[in-house]
Amino acid sequence: MMQYLETLHGPYGQYFAVERELYRDKTDYQDLVIFENKIFGKVLALDGAIQTTTRDNHPYHEMLLHVPLLAHGDAKQVLIIGGGDGGSLREAVKHPLERAVMVEIDSEVIDLSKRYLPELSDGAFDNPKAEVVIADGCRYVAETTDRFDVIVVDSTDPIGPGKVLFTSEFYRDCKRCLNPGGILVTQHGVPLLQADELTDGYRKLSALFDDVTFYLTVVPTYTGGAMTLGWATDEPRHRKVPLGKLEERFAGLGIETHYYSPAVHQGAFALPPDVQRLLTK
Ligand code: SAM
């Protein structure tokens, strides 16, 4: 049986037994592979890095979207940068928004995810709130006059087309696109293996926003332990929403989740000392 070897972390990686390869090609931007594995179901990989699987995507997409949206409590306009598989859009449209705009650079990731991984978006691309823009996210935030309450960066790692989504210029433009009290959430990989990425993100974000921290989630196929999501806002109250208030807002959605709960939301901001020490200016 064929094996897929992830190459993201150089001297350490993971393999998947490939039950069936569904697609393999080079898009205009990256190498794309979709295959089936007995444990993780359908798996999407870009440029040698696992992006998402049908089995373990929930701790990622639910925490990326529900944490800022429920902390904000009144978000109407949401911007997702990247996220071509549609998992983030799927969670976004569960909220009472007016608009969820997704800006993805690679239209083939969207088309192939819709075709081979429809469970990921679960119809979200056809939701009336959803608006898809095919563009470089960095360029989009530099040029748009639209404003958003929450911006979520569902990016690849800082290699290939995703590299620009980890720059100070990009974060500065995201801030410009936020309404007052808006929240920016970013993804910074696994601190055990990508410590520099976390420190770099903290330095850049804390130069721009009043309240910057990271929160944790655990996605088994992002190997190396818990991963960090960046949190940046000028409104410190969003981080201190009481549990009862989060529970009330969550109950108002009337949805079932796999990983997110208001208690998990609050606990996710508790960082182990080794992670806390990486947040240095
Ligand atoms: N969170 C996942 C991970 O860490 O493995 C990433 C999932 S999602 C598939 C990432 C998406 O970001 C990809 O579809 C990729 O095409 C898109 N992307 C990369 N660079 C981008 C850019 N500059 N602008 C917009 N989208 C970009």
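Quick notes
- Qualifying residue in segment 191-208 (condition: free of Cβ contacts under 8 Å to residues at least 60 places away in the same chain, surrounded by 20 or more Cβ atoms within 10 Å (Cβ to Cβ) and small (Gly, Ala, Ser)): yes
- Number of the exception - Leu112 against (1) within 13 Å of the ligand (Cβ to nearest atom); (2) within 17 Å of the chain's Cα centre (by Cα): (2)
- For the criterion of being more than 9 Å from the ligand (Cβ to nearest atom), out of contact with any strand residue (DSSP E or B) (no Cβ under 6 Å at 6 or more places or on another chain) and over 25 Å from Ile50 (Cα atoms), Thr145 passes.
- Selection from segment 47-68 of residues that are assigned to a strand (DSSP E or B) and touching an Asp or Glu at 6+ places or on another chain (Cβ under 7 Å): Ala49, Ile50, Gln51, Thr52
- Glu62 open to solvent by 10 Å² or more (accessible area, probe 1.4 Å) and either out of contact with any Lys or Arg (no Cβ under 8 Å at 6 or more places or on another chain) or more than 26 Å from Val164 (Cβ to Cβ) (or both): no
- Complete set of residues in segment 69-98 that are hydrophobic (A, V, I, L, M, F, W, C) and either without any contact (Cβ under 8 Å) to a residue 60 or more places away in the chain or in a helix (DSSP H, G or I) (or both): Leu69, Leu70, Ala71, Leu89, Ala92, Val93, Leu97
- If you go through segment 1-15 and keep only what is open to solvent by less than 50 Å² (accessible area, probe 1.4 Å) and in a strand (DSSP E or B), you end up with Tyr4, His9.
- Candidates are the residues of segment 16-30 that are modelled with pLDDT of 95 or more and part of a strand (DSSP E or B); the one that is least open to solvent (accessible area, probe 1.4 Å) is Phe16.
- Scanning segment 119-166 for residues that are polar (S, T, N, Q) and either closer than 14 Å to Ile80 by Cα or in contact with a Lys or Arg (Cβ under 8 Å, 6 or more places away or on another chain) (or both) turns up Ser121, Thr144, Ser155, Thr156.
- Residues considered: Gly73, Gly84, Gly123. Of these, the only one that is under 19 Å from Phe166 (Cβ atoms) and either near the ligand (Cβ under 9 Å from one of its atoms) or more than 16 Å from the chain's Cα centre (by Cα) (or both) is Gly84.
Conditions (1) open to solvent by 10 Å² or more (accessible area, probe 1.4 Å); (2) within 20 Å of Asp173 (Cβ to Cβ), marked per residue:
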residue: Val43; (1), (2): no, no
residue: Ala49; (1), (2): no, no
residue: Gly73; (1), (2): yes, no
residue: Ser88; (1), (2): no, yes
residue: Pro118; (1), (2): yes, no
residue: Gly123; (1), (2): yes, no
residue: Glu131; (1), (2): yes, yes
residue: Ile134; (1), (2): yes, yes
residue: Gly137; (1), (2): no, yes
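- Contact map, segment 154-177: residues that are outside the structural domain of Leu46 (by TED's automatic domain parsing) paired with residues that are aromatic (Phe, Trp, Tyr) and within 7 Å of the ligand (Cβ to nearest atom), Cβ distance under 8 Å, separation 6+ or inter-chain. Pairs shown: Gly160/Tyr29; Pro161/Tyr29.
The values are calculated or read from the model by the stated rules, or taken from the named source; none is laboratory data. Just so we're clear, the structure is a prediction, and the values are computed from it rather than from any experiment. Glycine also receives a Cβ, built like all others from the backbone with ideal geometry; neighbour counts cover every protein chain displayed. We work out accessible area using only protein heavy atoms, side chains counted, and drop any ligands, DNA or RNA first. Shrake-Rupley method; radii C 1.70, N 1.55, O 1.52, S 1.80 Å.
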